[in-house]
Amino acid sequence: MDYLKTKVPGVIVLVPELIPDNRGYFARVFSARDLEENSGFPFPVCQVNHSFNRLKGTLRGLHFLKPPYQENKLVLVVKGAILDVALDLRPNSPTYKQWHSEILTAENAKKMLIPAGCAHGFQTLDDQTEVFYLVSEYYEPLAEGGLRWNDPSLDLNWPFAPPLVISEKDQSWPDFDWAAHKAYQIP
């Protein structure tokens with residue numbers, strides 16, 4: 001597996017070695033030891049989440065959990081394709097307020113590591129897209145936070161803008177209050 005660092009510290013794109021044969025291919029999806037060696041932090045898997053999205057153009061996010069419930073996520077697509085986005089919300093980070101996006105597909109088998117302190121969202125590029133997330137913490141609903149997908153301070157480039165499908169909750173997130181957010185002092 002190749003671990004490709006991005007401009008946002010801790011956001012890593014994992015490119016597996018695909019071992020083909022007459023049945024298809026085999027690839028390692030996750031190794032806690034290898035991920036820790038390449039990211040610098042342990043990744044205990046506490047939950048695995050599955051997202052099914054009927055239509056292309058569906059947008060989920062941008063979501064994060066407030067301290068002390070932050071989680072690392074490893075995102076992979078098992079069917080279809082997404083544009084996956086990680087936004088750095090760590091005030092002490094050199095890439096604070098910057099983002100990285102990556103196209104993840106079932107065919108390319110890439111995965112993206114989103115570290116604690118980053119918001120996460122994605123938009124589907126195909127109908128019938130399925131996404132799995134391996135997460136390092138248990139979900140705490142009272143710690144949930146979010147940013148609106150089209151917050152003008154973000155300058156995100158979504159393939160389908162406006163989204164063709166979005167939840168009322170994701171559509172309702174307010175513009176992000178960067179000054180108030182600094183008070184979280186996310187490491």
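The values are calculated or read from the model by the stated rules, or taken from the named source; none is laboratory data. Bear in mind the structure is a predicted one, so any value in this text is a computation, not a measurement. Here Cβ is always computed from backbone atoms with ideal geometry, including for glycine, and neighbour counts include all displayed protein chains.
A few points about this structure:
- Index of the failed condition, LYS7 passing every other in (1) out of contact with any helix residue (DSSP H, G or I) (no Cβ under 8 Å at 6 or more places or on another chain); (2) under 25 Å from TYR138 (Cβ atoms); (3) not polar (S, T, N, Q): (2)
- Pick from segment 1-24, criterion without any contact (Cβ under 8 Å) to a residue 12 or more places away in the chain and touching a strand residue (DSSP E or B) at 6+ places or on another chain (Cβ under 9 Å), ranking: farthest from HIS100 (Cα to Cα): PRO20
- In segment 159-177, the count of residues that are part of a strand (DSSP E or B), touching a strand residue (DSSP E or B) at 6+ places or on another chain (Cβ under 7 Å), more than 26 Å from PHE43 (Cα to Cα) and modelled with pLDDT of 90 or more is one or more.
- Selected residue [part of a loop (DSSP other than H, G, I, E, B), out of contact with any Cys (no Cβ under 6 Å at 6 or more places or on another chain) and surrounded by 14 or more Cβ atoms within 10 Å (Cβ to Cβ)] from LYS7, LYS56: LYS56
- Checked against the criterion of being within 16 Å of ILE12 (Cβ to Cβ) and surrounded by fewer than 22 Cβ atoms within 10 Å (Cβ to Cβ), the candidates GLU107, GLU137, GLU37, GLU130 yield just one match: GLU37.
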